[in-house]
Amino acid sequence: MDPEVFHTDAQVRDYYDSRYRQGYMDIWDPRKVALIRDIFRCTEMPARARVLDYGCGTGFLSRLLKELFPGWEIVGPTSVRAPSRLLGSAAVG
């Protein structure tokens, strides 16, 4: 099957808007979340950092990083117009 090809920003937005309406990224697999937590806990990360989570979508990873590293400033821009119920406090920085 050929992958979808988008030629305009509007096509990309429409594609992801459709996926969000269908529940895209509403719930992450708890095993995946635990794995991400374990990976970051096993690494030597600075107490303070500025992080760009480009294309953050609903902001799930940005919020998880902020939970793990409260001293980090995290900015998560995205071009997707995710419903506000999914974004929550995506601007966590």
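The values are calculated or read from the model by the stated rules, or taken from the named source; none is laboratory data. What you see is a predicted model; the values in this text were computed from it and never measured. FYI the Cβ positions are ideal-geometry reconstructions off the backbone, even for glycines, and counts take in every protein chain you see. Quick note on the areas: whole protein, heavy atoms, side chains included, nothing else; ligands and nucleic acids left out. Shrake-Rupley method; radii C 1.70, N 1.55, O 1.52, S 1.80 Å.
Checking each residue in segment 7-32 for being surrounded by 14 or more Cβ atoms within 10 Å (Cβ to Cβ) and in contact with a Leu (Cβ under 8 Å, 6 or more places away or on another chain) picks out TYR20, MET25.
ILE39 fails exactly one of the following numbered conditions: (1) at pLDDT below 90; (2) open to solvent by 70 Å² or more (accessible area, probe 1.4 Å). What is the number of that condition? If we test ILE39 against (1) at pLDDT below 90; (2) open to solvent by 70 Å² or more (accessible area, probe 1.4 Å), just (1) comes out false. Output the number of residues of segment 59-87 satisfying the condition of being at pLDDT below 75 and either under 17 Å from TRP28 (Cβ atoms) or not in a helix (DSSP H, G or I) (or both). Count: 9.
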